[in-house]
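The values are calculated or read from the model by the stated rules, or taken from the named source; none is laboratory data. All of these numbers come straight from a predicted model, not from anything done at the bench. Note: ideal-geometry Cβ built from the backbone for every residue, glycine included; neighbour counts use all protein chains shown. Protein only, heavy atoms only, side chains kept; ligands, DNA and RNA dropped before computing areas. Shrake-Rupley method; radii C 1.70, N 1.55, O 1.52, S 1.80 Å.
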2 protein chains.
Amino acid sequence: MRIAMIGGGSWGTALALVLHENGHTVKSWTIDKQSLEDIRTKQENTRYLPGIKIPREIIFTSDLHAVLNDHPQLIVNAVPSQVTRSALQEVKKMYRDEGQIWVSVAKGIENKTYLRISQVIQEVMELPAERIGVLSGPSHAEEVARKIPTAIVSSSQDIETARHIQHVFMNQYLRIYANDDIIGVELGGALKNIIALAAGICDGAGYGDNTKAALMTRGLVEMSRLGVIMGARSTTFAGLSGMGDLIVTCMSRHSRNRYVGEQIGKGRSLKEVLDAMVMVAEGVRTTESAYELAKQKNVEMPITEQIYQVLFKGKSPKKAMIDLMTRTSKIEDWGA
Amino acid sequence: MRIAMIGGGSWGTALALVLHENGHTVKSWTIDKQSLEDIRTKQENTRYLPGIKIPREIIFTSDLHAVLNDHPQLIVNAVPSQVTRSALQEVKKMYRDEGQIWVSVAKGIENKTYLRISQVIQEVMELPAERIGVLSGPSHAEEVARKIPTAIVSSSQDIETARHIQHVFMNQYLRIYANDDIIGVELGGALKNIIALAAGICDGAGYGDNTKAALMTRGLVEMSRLGVIMGARSTTFAGLSGMGDLIVTCMSRHSRNRYVGEQIGKGRSLKEVLDAMVMVAEGVRTTESAYELAKQKNVEMPITEQIYQVLFKGKSPKKAMIDLMTRTSKIEDWGA
């Protein structure tokens, strides 16, 4: 198949490698000049995926025409959530609808509109929901690029679309399970980054493994609570795109969201931490969307609320953790 | 209150510290001579809880009479699962039933009988189930002894018993939630050790965070599957004594079960690893019970089955991991 990739960050690059290895022809639209130069001269995306050799057959280019003119049969959106709309507005100008399947791999909720990223694609590209799917689950790009066994979920409102995407991406080290609860899968991937920020603060402020495990357990409960109100199945949150992704993001050394939380827990400011980062920590913007959405829908999300206060209202991380510990006891519906 | 503690290992000692701090009078029956000597001379259980000062007011003694003659109002069983029966048979000889509440804090399933530890207490001590409760959840003894914020569950068939235990143990850093699904709480605490062995093998054999997160997610599914057949609520497995304890045991540097798995993943034999350990890794014996129980009840537990093959049938850990990866896909009920 001919596949167009929008975005050449770490996950986009890792998936381009998977698709190439699966025998597909991949062209990736990448605007980062440094990445393009590195890939051209060193066959390596030193900025986003260091240490991984990129075959010459995968085309990385800043020329969107070259990517789209080739009649791609599948298009993957791999740009960060908050810039998806503007990137797609560029794509829209030269896109010919030839019935392609679209795949979203970004994990966020658009600010202001509170749309999931598949919904942003649907809206901007004027596509039926049945032609859009997502990939989500515990999948650090660095590990997938190194062919470490990974299991994720492909989801779409139309299970046939989910199965098609599964077929395109699956191989020996990347196992994919099809699922039709796209709301639950997308919200799991997005909301878990908020809990990862909280887990990072827990690490940075010097709490223990016991504390963090309790926080993660309660975190999944509030993720599921918002998800169900938005139309997701609660069981989806117990699967790979919920609990699985939450675990890997809260525990792994690779996680950017956990890292941001850890730095804040150590006393650095959000601005200071973000200014020093190359990659996007989706959780920061997702916290904003989820906080407002929870208020609007009247859903109790105590961890999200505390993280919002820390990130945007200058609340001290230690005070937030103490409030969380106290509050967690009040809302614990355990045994109820 | 006057409280008798049966067993002076790391968790028993950490809980004795909690109870003492909460204003109770604690006497602990401890047969380990080295521990008794260390506590007497250094005020420290160097063997099981190094670095923690033990107040003189907590009595540690090998004289069971001295512990039981004092009319204890609550008795805590903190000996390892597989020796609970023989320890209690000693207790039975000199026990006067004065209506005490019993609390089990061991996490296992008795071999051969497949009884939960609260059931072993019930049987040996000839007590009504209403007078027995358990404490379980993500709670490394080392962290509780250092007063790191921890949240666990107290459970009993009788919710009033669970509330009583909650009241006795709860304090600023140890939050306790009462629950009446004792089957789910005990099985969660026991079965998670099997998944921790698997997670450890995953670490030792050099797999990644993605792999481990997938394994843990599927692990919770099979724990819950056996639990429900045994009469537990599936939601209990999503709480602190299920998911919470699973997370801390699979991820923490403190976990003995994860450690045993890691060593086996690196190629050492089970005997070699266990011979070198001071403390008991409950998961090894629990694997035996759960494997047989799953066969008897016809419950599919692919991870437990592979761990059983590795521990007791000499299967190579790498082969088991490969079989697990392949098999996991077959049984994935995601989206079904």
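Here is how the numbers come out for the structure above:
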quantity	calculated
Residue in the range B:237-259 that is surrounded by fewer than 19 Cβ atoms within 10 Å (Cβ to Cβ), basic (Lys, Arg) and either away from chain A (no Cβ under 14 Å) or more than 22 Å from residue B:12 (Cα to Cα) (or both) present	no
Subset of the range B:243-277 (residues that are among the polar types (S, T, N, Q), assigned to a helix (DSSP H, G or I) and within 22 Å of residue B:138 (Cα to Cα))	B:249, B:257
Residues of the range A:16-38 satisfying the condition of being touching a Gly at 6+ places or on another chain (Cβ under 9 Å) and part of a helix (DSSP H, G or I)	A:16, A:35, A:36
Restricting the range A:57-79 to residues that are β-branched (Val, Ile, Thr) and more than 26 Å from residue A:158 (Cα to Cα), the residue that is surrounded by the most Cβ atoms within 10 Å (Cβ to Cβ)	A:67
Scope the range A:278-305; condition in a helix (DSSP H, G or I) and open to solvent by 20 Å² or more (accessible area, probe 1.4 Å); matching residues	A:282, A:285, A:288, A:291, A:292, A:295, A:296, A:297, A:305
Qualifying residue in the range A:204-227 (condition: of a type in the set (Val, Ile, Thr), in a helix (DSSP H, G or I) and under 24 Å from residue B:203 (Cα atoms))	yes
Matching entry among B:41, B:13 (being assigned to a helix (DSSP H, G or I), within 23 Å of the chain's Cα centre (by Cα), at pLDDT 95 or above and among the polar types (S, T, N, Q))	B:13
Boolean, residue B:151 is surrounded by fewer than 24 Cβ atoms within 10 Å (Cβ to Cβ) and within 27 Å of residue B:52 (Cβ to Cβ)	no
Condition check for residue A:160: acidic (Asp, Glu), under 26 Å from residue A:45 (Cβ atoms) and within 14 Å of chain B (Cβ to nearest Cβ)	no
Given (1) in contact (Cβ under 8 Å) with a residue 12 or more places away in the chain; (2) not in a strand (DSSP E or B), number of the condition residue A:76 does not satisfy	(2)
Output for the range A:235-277, where each listed residue is among the hydroxyl-bearing types (Ser, Thr, Tyr), under 19 Å from the mean Cα position of the chain (by Cα) and within 24 Å of residue A:115 (Cβ to Cβ)	A:236, A:241, A:249
Residue in the range A:224-245 that is at pLDDT 95 or above, in contact with a Lys or Arg (Cβ under 6 Å, 6 or more places away or on another chain) and under 28 Å from residue B:252 (Cα atoms) present	yes
Among (1) within 19 Å of residue A:216 (Cβ to Cβ); (2) in contact (Cβ under 8 Å) with a residue 24 or more places away in the chain, the one test that residue A:278 misses	(1)
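Yes/no matrix, rows are residues, columns are (1) open to solvent by less than 50 Å² (accessible area, probe 1.4 Å); (2) out of contact with any helix residue (DSSP H, G or I) (no Cβ under 9 Å at 6 or more places or on another chain); (3) over 27 Å from residue B:196 (Cβ atoms); (4) not assigned by TED's automatic domain parsing to the domain that holds residue B:144:
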residue	(1), (2), (3), (4)
B:81	yes, no, no, no
B:85	no, no, no, no
B:94	no, no, yes, no
B:99	yes, no, yes, no
B:115	yes, no, no, no
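The rows are residues; the columns are (1) touching a strand residue (DSSP E or B) at 6+ places or on another chain (Cβ under 7 Å); (2) over 29 Å from residue A:145 (Cβ atoms); (3) more than 8 Å from chain A (Cβ to nearest Cβ).
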site	(1), (2), (3)
B:181	yes, yes, no
B:201	no, no, yes
B:224	no, yes, yes
B:227	no, yes, yes
B:234	no, yes, yes
